[in-house]
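Worksheet: the structure to be examined is printed underneath.
The values are calculated or read from the model by the stated rules, or taken from the named source; none is laboratory data. These numbers come from a predicted model, not from an experiment. All Cβ positions, glycine included, derive from the backbone under ideal geometry; neighbour counts span all protein chains shown. Note: areas computed on protein heavy atoms with side chains; ligands, DNA, RNA excluded. Shrake-Rupley method; radii C 1.70, N 1.55, O 1.52, S 1.80 Å.
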Amino acid sequence: MTTQTHPLQVVFLCGARDFHAMDWYRASLGMLSSPKPIILTDLIEGEGFRKLITNEDTVHKLLILDSFLLKKQSRLGNVWRNLLKAILFPAQVILIYRFNKKFNNTLYYAHSMYYIWLGWAAGVRFIGTPQGSDILLKPQKSQIFKILSTISMKSSIYITVDSKKMADITENLTGKRPLIIQNGIDINTINNCNHFQAENSSKRNLICSFRGLTPLYRIEEIVKSRNKSLFNNDMPLTLLYPFHEDEYISRIDEHLNKDDKKLGRLEKKEMYSIFFSTLLAISIPISDSSPRSVYEAIFCGSIVAITWHPFFDDLPKCMQERIVIVNIEDEYWFDKTIEAAKQLIVNPFIPTEDALKIFDQSQAFNKIHNMAIRAI
């Protein structure tokens, strides 16, 4: 540890349309004001994503990719975006290096693996937070991805992950144990949305899917299971999705009923308003790390159906009691899960101190930032 003579400038190296990164950035504003944290980004909008930054945010731009991207999200769009990022990688590294020269004491928070690569290549001090797929899926599919990720994560001050499964794989790759810190949820905003809360369980009647519309999240399976259920085949579904693939939406549309609603990507308060009216929120992806949106639904009082993943075992008991573990091999899991949700929803969700401590995003950021300060 060295004594710093200049105030620490915090920089979020990330895509500015990334909900997780922007929430960490906004959490940092609550404890850091002089100097104010900066966003350094190559993505602001594009592909139909809503703009998350405001005029009050301090944003410095790398080469912005938005105007070069396809107009909508698709599998082809994902391939093109990744190719464009690879082509521009050397130029972005030079821009980060030049940006960093303006400061005498800087700490970067790099969110998702691509930005961890950038932080490593630019030689800056950074804390890296990979996404679940960056650790659980992509290294197994690409040797180049695995090599770059291993090298870059080794150069970090800390790597933070949100589950033991991610921590174990990361340790196997890098030889050093990452910190398990939940991405956290905005508990203050949830508490301030109490006007959305239903007065009694009978007002909670929505069946909601809230993960991305891609094959990974098995939304098509949810819709098909509803359609062939014995007692709830006419139950409307409300689909929230922060991102999608056009081809996958077309497949899902073939199975939707006239009363089903596709709401797409919502602002945080809009999403919470849906959760406060939800009886059952369904999340059954093929692979999952520690899904923040599952926790948001629970803190808004909903019952959540999941397929088992290791993160469940690490949850506080008060949160486990709001979850129904489903077996999607059971032809009638949809009916059984709704019946279980009706029984569980009668009791309100009351978070324990342990749950609040683990999942409050402000406390999560304070923890890692204080550790980073001690380390540098």
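Assorted remarks:
- Cα shape, segment 22-167, gyration tensor, a/c 1.5 rule: rounded
- Look at the alpha carbon pairs under 8 Å that are at least 6 residues apart: their mean separation over the length of segment 219-376 gives a relative contact order of 21 percent.
- Carbon and sulfur %, accessible surface of segment 1-145 computed with the full protein complex present, 1.4 Å: 57
- Sparse packing (at most 15 other Cβ atoms within 10 Å of the Cβ) combined with a DSSP loop state is found for the following GluC sites (Glu not before Pro) in segment 1-91: Glu56.
- Whether segment 282-357 is rounded, prolate or oblate, judged on the alpha carbon gyration tensor where a/c under 1.5 counts as rounded: oblate
- Sequence-distant residues sharing a close amide H with Arg125 (under 5 Å, placed H): Tyr108
- Per DSSP, loop trypsin sites (Lys or Arg not before Pro) in segment 109-195 with at most 14 further Cβ within 10 Å: Lys176
- For segment 236-277, a simple Cβ point-charge model (Lys and Arg +1, Asp and Glu -1, everything else neutral) yields a dipole of about 260 debye relative to the Cα centre.
- Largest first, the residues Trp333, Trp117 sort by 1.4 Å accessible area into Trp117, Trp333.
- For segment 59-65, 3J(HN,Hα) computed residue by residue from phi via the Karplus equation (6.51, -1.76, 1.60; θ = phi - 60°) reads 10, 10, 9, 7, 6, 7, 8 Hz, glycine and proline entered as x.
- Among His309, His20, the order of accessible area from largest down is His20, His309, computed with a 1.4 Å probe on protein heavy atoms.
- Measuring r between the beta carbons of Leu266 and Ile157 and using R0 = 45 Å, the FRET efficiency lands at 0.85.
- Residue pairs exceeding 19 angstrom between C-alpha atoms, taken from Lys203/Lys342; Lys146/Lys367; Lys224/Lys261; Lys61/Lys102: Lys146/Lys367.
- Sites listed here are GluC sites (Glu not before Pro) in segment 241-277 whose DSSP assignment is loop and whose Cβ has at most 15 other Cβ atoms within 10 Å: Glu254, Glu267.
- The stretch between Asp259 and Ile328 holds 22.5 nm of extra length on full extension. This uses 0.36 nm per residue minus the Cα-Cα distance.
- Expected 222 nm ellipticity per residue - DSSP helices of 4 or more, -39500 (n - 2.57), all of the chain, to 500: -12000 deg cm²/dmol
- Taking the three principal axes of the alpha carbon atoms in segment 198-296, the coordinate ranges are 39, 32, 21 Å, sorted in descending order.
- In sequence order, segment 228-237 has phi-based couplings of 9, 5, 6, 10, 10, 5, 9, 5, x, 10 Hz under the Karplus curve 6.51 cos²θ - 1.76 cosθ + 1.60, θ = phi - 60°, and Gly or Pro positions carry x.
- Residues with amide H under 5 Å from that of Lys262, placed H, sequence gap 5 or more: Leu239
- Inter-probe distance in nm under a simple model that places probes 7 Å from Cα toward Cβ, at Ile64 and Arg177: 4.4
- 3J(HN,Hα) couplings calculated from phi for segment 178-190 with the Karplus curve 6.51 cos²θ - 1.76 cosθ + 1.60 (θ = phi - 60°) are, in sequence order, x, 8, 8, 9, 5, 4, x, 10, 7, 5, 4, 5, 4 Hz; Gly and Pro show x.
- Charge dipole (Cα centre; +1 on Lys/Arg Cβ, -1 on Asp/Glu Cβ; no other charges) of segment 1-93 amounts to roughly 280 debye.
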